[in-house]
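Here's the structure, in structure tokens; my notes come after.
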Amino acid sequence: MSLIRRSNVFDPFSLDLWDPFQGFPFGSGSGSSLFPRISSDSDTAAFAGARIDWKETPEAHVFKADVPGLKKEEVKVEVEDGNVLQISGERSKEQEEKNDKWHRVERSSGKFMRRFRLPENAKTEQVKASMENGVLTVTVPKEEVKKPEVKPVQITG
């Protein structure tokens, strides 16, 4: 595993690209010249919605991503431009055998990438990541808030 919230259109920290035409036959997913694809890889959109929660504790920013079935080697966690946390990975399609007859394919495959702008108090050089039971946990420690020093002032008079 290499080091990298539910998406909300109004979340100022989320850098996800929203495609309003995703899933429509004429939109960016169709290769139409009016709406060019963001990615040339047709599998990218299939698994693009990796669900990630972001919570802030007094000590750290903690990200939890559901990535069932992925090995830690298939997930990448990076810090770009000093304060952008990027989580990405890829789930491969299952190999098809000639004699196999598929009745239903519901599990998603393909690439995913999520980016989050970290606040200034994040210690990006101390990012830690772990994976257990299909859940990736990324912990970004925070700078300690220094309390102003209170000095008693002597009153003369």
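Things worth noting here:
- Mean accessible surface per residue for the stretch 69-118, computed with a 1.4 Å probe while every protein chain stays in place, in Å²: 76
- Integer Hz, Karplus 6.51/-1.76/1.60 couplings in order for the stretch 119-124, x for Gly and Pro: x, 5, 7, 7, 8, 5
- Split the accessible area of the stretch 60-120 by element, probe 1.4 Å, and carbon with sulfur accounts for 41%.
- In terms of distances greater than 18 angstrom between alpha carbons, the cross-link table entries Lys55/Lys142; Lys55/Lys147; Lys55/Lys146; Lys123/Lys146 yield Lys55/Lys147; Lys55/Lys146.
The values are calculated or read from the model by the stated rules, or taken from the named source; none is laboratory data. Here the structure is a predicted model, which is why all the values come from computation and not from measurement. Just the protein is used for accessible areas: all its heavy atoms, side chains included, with ligands, DNA and RNA removed. Shrake-Rupley method; radii C 1.70, N 1.55, O 1.52, S 1.80 Å.
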